[in-house]
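Engineer: Dropping a structure here in structure tokens format, bear with me for questions.
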Amino acid sequence: MIAPQSTVKVNDIRSIHRVIVIGAGPAGAAAAMRLHDQGRSVLWVDRSDFPRPKVCGCCLNLAAIGGLALVRCDQTVRDLVAGELRYWKLENGGRKIDASLPGGIAVSRTRMDVALIDEARSRGIEMRTNCDARIVDVTAKSVVVRLSDASRDEAFDVALLATGLSGGGVSRWLPWIQEPSGPLGAGIVVDELTGVAPQTIHMICGDQGYVGLVQLEDGRIDVAAALRKEKFSETGGESLKSGRAEILNQINSILASSSLGTLPQELATSLMTTPPLHRQRRAGSGRLLAIGDAAGYVEPFTGEGMAWAIGTGIAAADCIDGDRVNLDLGQQWCDTYAAMMRKRQWICRALSQSLASPSSSRWLMRGMHLAPWIVRRAIWRLNKPLPVAGRAVDLLTRRVSEGPDAAPRSRVGL
């Protein structure tokens, strides 16, 4: 919800830090470290305690790792895992598409988020957990924020919103272009699941939606689903318990059509859920900039969602830096974000729309079967370097910079 207008006097508003970053996911981490590298005074906050569980966001493709390299913490995350992702497998209606990945890693968010926070603190960045931040006012010169661990409001030169799908209660300044709609997100981490191969991203499609699965660094399995709301009964959401039980049934219905196992019913109470996934908002207004999922969400399929989060965090920090700071920063970020993300997200948007109905998903599988080069080219494009300070990313992603034919060919099975 939007915080009420501040009633404190102007001289009660203090300004210690120049920039505040709200949200401690990968987008917030990348932004905070980039700003710190630029010599700016940064306050980084999150309302949660850590470690914390997350529904998904455990896969990083090469573009994501390249983004982490730009803020000198790629090795911090790589040290958490033993090997790289090698394969992407899609199953739908008895058809299978197997494609090679050029790289990437899968790591639990409970470990990765803590590692990034520890790295930021070791560099001298002030990071506060259990600190709720609410936007009070936004102008062309500052953003006033109310912090739960402070007695007075605080004015910042710029505020970066990295609050993910929670939205952050800022629709007054950053209105929705596309209000939250579409499938619901659900996820869980389980100790084991029959058929899930190591170093492999599994995607299973069905009439109810689709489920992604990957083995984490400790051998556990991350299960994340996007489920069509119209497939739920009208009574399924009458209670939290019955709603989660129905979500688990929908996930198992999809898994049952594949070569993988299903989830035990007793895990229903452990399911994590999200609001409707599809969304897009104005990315900037005044000195308030939204990054990562807070700016918009399109379902990722090979770890590119983390690349978008990290990339927008870095790009927003770069947008603040330099002589352009006196321009309309909010509009400048809107233009930068659109130019950066439009071409990046269209592949996943087209894929998610094709998977939105059983008939279109069957046609998609048929097309991939007849022309497997489409899969190779899509994976290559999604792993391309992000357009931010490119050289460091180019060096890390040289395996895909030569083009889609440099990657091993896809294998198609019936």
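What follows draws every value from the coordinates through simple rules; no lab data is involved. Quantities reported herein were computed from a predicted structural model and do not represent experimental measurements. Every residue, glycine among them, receives a Cβ derived from its backbone with ideal geometry; neighbour counts consider all protein chains shown.
Engineer: How much length is gained if the chain between Ile374 and Thr139 is pulled fully straight, taking 0.36 nm per residue apart and subtracting their Cα-Cα distance, in nm to one decimal?
Structural biologist: Taking Ile374 through Thr139 to full extension adds about 80.0 nm, to one decimal.
Engineer: Binning at 5 Å from 0, report for segment 65-209 what percent of all alpha-carbon pair distances ends up in each bin.
Structural biologist: Reading the bins upward from 0: 2, 6, 11, 13, 14, 15, 15, 11, 7, 5, 2, 0, 0.
Engineer: Tally Lys and Arg at +1 and Asp and Glu at -1 over the other residues with C-beta under 12 Å from the C-beta of Ala120: what net charge comes out?
Structural biologist: Working: positive: Arg34, Arg72, Arg121, Arg123, Arg128; negative: Asp37, Asp46, Asp113, Asp118, Glu119, Glu126.
Here the count lands on -1.
Engineer: Let me ask something else. Counting Lys +1, Arg +1, Asp -1, Glu -1, what net charge surrounds Arg109 among other residues with beta carbon under 11 Å of its beta carbon?
Structural biologist: That sum, taken over residues with Cβ under 11 Å, equals +1.
Engineer: Which FRET efficiency value, to the nearest 0.05, is calculated for Arg342 and Arg123 with the Förster distance at 45 angstrom and r the Cβ-Cβ distance?
Structural biologist: Plugging the Cβ-Cβ distance into 1/(1 + (r/R0)^6) gives 0.85.
Engineer: I would also like to ask the following. Spin-label point model (7 Å from Cα, Cβ direction): what's the Asp132 to Gln199 distance in nm?
Structural biologist: About 4.6 nm, to one decimal.
Engineer: Given the peptides 97-103, 284-290, 74-80, arrange them by the average over their residues of other C-beta atoms within 10 Å, most packed first.
Structural biologist: Put in order of decreasing packing, that is 284-290, 97-103, 74-80.
Engineer: Return the whole-Å distance between the Cα centroid of segment 110-138 and the Cα centroid of segment 268-295.
Structural biologist: 18
Engineer: Each label point is 7 Å from the Cα along the Cα-to-Cβ direction; what then is the distance between the points at Gln331 and Ser259, in nm?
Structural biologist: Each label point lies 7 Å from its Cα, and together they span 5.5 nm.
Engineer: With just the Cα atoms defining each centre, how far is segment 145-200 from segment 331-352? Give it in Å.
Structural biologist: Cα centres, segment 145-200 to segment 331-352: 18 Å.
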